[in-house]
Every structure is written in structure tokens, then in C-alpha cells.
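Input: a single structure, listed below in C-alpha cells.
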Amino acid sequence: MHPRYERWAAWIDNTFDAENFDVDAVNRRLEAISWSAPADRGDGECADEDDISDGLFDELDTIDMEYGLRHAGRNRHGGYVEASQAAYDTVAEILEPYVEKAMRYYGLGMPDAMDTYTRGVILGLYQYEQDGTSDFKDWIEDVPVELAGDLLRRWRERTDDAERTEGLARFILQRCPEWAEYLP
């Protein structure tokens, strides 16, 4: 099984516990899977930033407490994972394929696609912080902006074009105004 879907399979296995079965939670998660990490349009261009942000938002907003904090507590190796760290790791795990895809565009010599995907991911994180409704969101208060900052640092490592940098800064100011001071 593809590693990306292993976590979905584990989540579904846990959700199908006879005592705690929640059909709505399963449907929300399956819908998020179908929207996650939007594909190329087929013409060599990536999806637009709104499609990317919508997919990421939907995926993040379906995280429930049980799934989001599943690694918190003692582990079998004798260690302990704080709930806040488990929550961070859950969001970072969901974000990983999005970030990898943005960076892959750079490797393919497609800087415009990298920019579009980066904008979409940042916008999806911002929208989740602003409009997300899941209870899990309370556990990750600063995580979306922190992960957006990490992505922005990786993006900057791959571009030294002043026009592209100014374009992304304008995008953040216009579409993510609450983060403009944190993502200079």
C-alpha cells in the first residue's frame, strides 16, 4: 500500500470500532482523501491555488481529536509524546505530500507551478486557521502559521528572483492578511 494511504487505512480501522463507529466521520475523511493534493490539470500545469487550498483545508478540517492525537502518550519504545507534539506531527504529516509536490515542481524546472502550489498550501493553512471548524484546531493554535513559515523558507531557498518574492509577499498580504507580519 502506498505510504500516503497507510494512515487512512489505520484511521478507518480505528473508526470501524463497533462501539464508536461514526459514519459521518468516515464520510468526511473519505471526501477529504478525494480532494487532497490536487493533481496536475493534464496540460503540464498544476491546479490553481484555490483548488490546492480547498483540498488542504478540507483534509485538515476533517481531523477529529482521536485521529489528531492518536500518537500522544506513552509509546511502545518507553518514551512519551506530548499531546501538542502529536497534534503538530499530525498536521505536518498531512501537509508533507503538498510540500513535496511544490518542491518537486522546482526540480522539474517549473518555478511558476512551484509558486502556485506554494501559494495554495499557504492559503489552505491560513483558511484552516481562520475558518476551520474541527475541535482538533484548538490543539494546533500556532501550527498552521509555523508550517507555512517552514514552507516559505524552503521556497526561498529555491528562488532568488526579486519579482517572484515580491509576488508571493503581495499574495500573502492580500489573501492571508493576518499572517503578513509573520511571513515577511
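Results, tabulated for the structure shown:
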| item | result |
| --- | --- |
| Accessible solvent surface per residue of segment 56-184, calculated while the other protein chains remain in place, 1.4 angstrom probe, Å² | 52 |
| Calculated log₁₀ intensity ratio I(q)/I(0) where the Debye formula runs over C-alpha points of segment 108-162, q = 0.21, 0.25 Å⁻¹ | -0.78, -0.97 |
| Among 134, 111, 71 - extreme Cα towards positive end, dipole of segment 33-184, charges at beta-carbon | 71 |
| Dimensions (Å) - segment 72-152, Cα atoms, principal axes, largest first | 45, 32, 16 |
| Size of electric dipole in segment 67-184: Cβ of Lys, Arg +1 and of Asp, Glu -1, about Cα centre, debye, nearest 20 | 400 |
| Computed label-point distance, nm, for sites residue 180 and residue 81 using a 7 Å Cα→Cβ extension | 3.8 |
| Apportionment of accessible area to carbon and sulfur, segment 66-184, percent (1.4 Å) | 45 |
| DSSP-assigned coil residues among GluC sites (Glu not before Pro) in segment 87-143, each with at most 15 further Cβ atoms within 10 Å | 141 |
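The values are calculated or read from the model by the stated rules, or taken from the named source; none is laboratory data. Note that the coordinates shown come from a computational prediction; the quantities given were computed from them, not determined experimentally. Positions of Cβ are backbone-derived with ideal geometry, glycine not excepted, and every protein chain shown enters the neighbour counts. Note: areas computed on protein heavy atoms with side chains; ligands, DNA, RNA excluded. Shrake-Rupley method; radii C 1.70, N 1.55, O 1.52, S 1.80 Å.
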